[in-house]
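Take a look at the structure set out below.
The values are calculated or read from the model by the stated rules, or taken from the named source; none is laboratory data. Every value quoted in this text rests on a predicted model; they were computed, and no experiment measured them. Don't worry about glycine lacking a Cβ; one is built from the backbone with ideal geometry, like all the others, and counts go over all protein chains shown. The protein model used for the area step is the full one, side chains on, heavy atoms only, and it has no ligands, DNA or RNA in it. Shrake-Rupley method; radii C 1.70, N 1.55, O 1.52, S 1.80 Å.
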Amino acid sequence: MGATEGSKDTDRRIGRRALIVGGTAAAVGSAVLARDELARLWWRAPGVEKPRVEGAVDFRGAQWVAASDANWRRADRPDDYGIDMVVIHVTQGSFASAVKVFQDPGHGAAAHYVVRKDGHITQMIRELDVAYHAGNRSYNERSVGIEHEGFVDRPEDFTAEMYAASARLTAGICARYDIPVDREHIIGHVEVPGTDHTDPGKHWDWDRYMKLVRGARSAPAQV
């Protein structure tokens, strides 16, 4: 599966010195650190968090099924962490098994979306939040993860309906966060530094997929 147990990243810890925000107590270096850390954590203060509607989705037509809150970290992206990347995964199993495992608090990982072979899209984590899907904390913080039902060694799993639906989803994400539609910003899990995964594998047709994403990006927004 693209996002597997053990890819969970740890919460950022803010040191005591980073909380010193006035007077002569903070030197220049620690003041810069404090500004950086506090800017990322501003949304924790009461009244500043973006509104959240139970069951609401970020992509029109997606079905909301919540992942276990042990498999993602609450955030307020893109204000605390900018989003500039989409990571493509393959589940190495069925759609139902992916949804089930992402609901398991012991799994330690989940992606924002799961795309079924027939093109159905389930959203399990809000794009606001950091999903544990890439096995790299920095990439988790800056990306949206999309799982695709199937196996990397079975090209027949990657159906026309799946490609089309996923392309519309990725195009919508790119439009929302002004992400360039290119292979530097739309990548496979295998391309994440430090990962031991091979998905989406050699049978994933990147040329076909990117053409579909570009076409959907220029079409009326599906967000």
**OP:** Scan Arg77, Arg116 and give me the residue that is surrounded by 15 or more Cβ atoms within 10 Å (Cβ to Cβ), over 23 Å from Arg183 (Cβ atoms) and modelled with pLDDT of 95 or more.
**Re:** Arg116
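Can you go through Arg176, Arg154, Arg168 and tell me which one is farther than 26 Å from Ala96 by Cβ and not acidic (Asp, Glu)?
Of the residues listed, the single one that is farther than 26 Å from Ala96 by Cβ and not acidic (Asp, Glu) is Arg176.
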**OP:** Working only within the range 119-137, note down all residues that are touching a Gly at 6+ places or on another chain (Cβ under 7 Å) and either buried (at least 24 other Cβ atoms within 10 Å of the Cβ) or farther than 18 Å from Ala98 by Cα (or both).
**Re:** Ala131, Tyr132, His133, Ala134, Asn136
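Considering each residue of the range 164-185, count those that are aromatic (Phe, Trp, Tyr) and either buried (at least 20 other Cβ atoms within 10 Å of the Cβ) or within 16 Å of Gln63 (Cα to Cα) (or both), and give that number.
The number of residues fulfilling the criteria is 0.
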Original post:
Taking only pairs six or more apart or across chains, which ones have beta-carbon atoms under 6 Å, a first residue in the range 97-113 that is surrounded by 22 or more Cβ atoms within 10 Å (Cβ to Cβ), and a second residue that is among the polar types (S, T, N, Q) and in a loop (DSSP other than H, G, I, E, B)?
Top reply: Ala98/Thr91; Ala109/Thr4; Ala109/Ser7
Original post:
Restricting the range 138-163 to residues that are of a type in the set (A, V, I, L, M) and out of contact with any Asp or Glu (no Cβ under 9 Å at 6 or more places or on another chain), which is least open to solvent (accessible area, probe 1.4 Å)?
Top reply: Ile146
**OP:** Could you pull out the residue among Ala98, Ala45, Ala3, Ala39 that is at pLDDT 95 or above, on the phi < 0 side of the Ramachandran plot and among the aliphatic types (A, V, I, L, M)?
**Re:** Ala98
**OP:** State which residue pairs qualify: first residue among the aliphatic types (A, V, I, L, M) and inside the range 176-197, second residue open to solvent by 80 Å² or more (accessible area, probe 1.4 Å) and part of a loop (DSSP other than H, G, I, E, B) in any location, beta carbons under 9 Å apart, and separation of 6 or more residues or different chains.
**Re:** Val190/Thr198
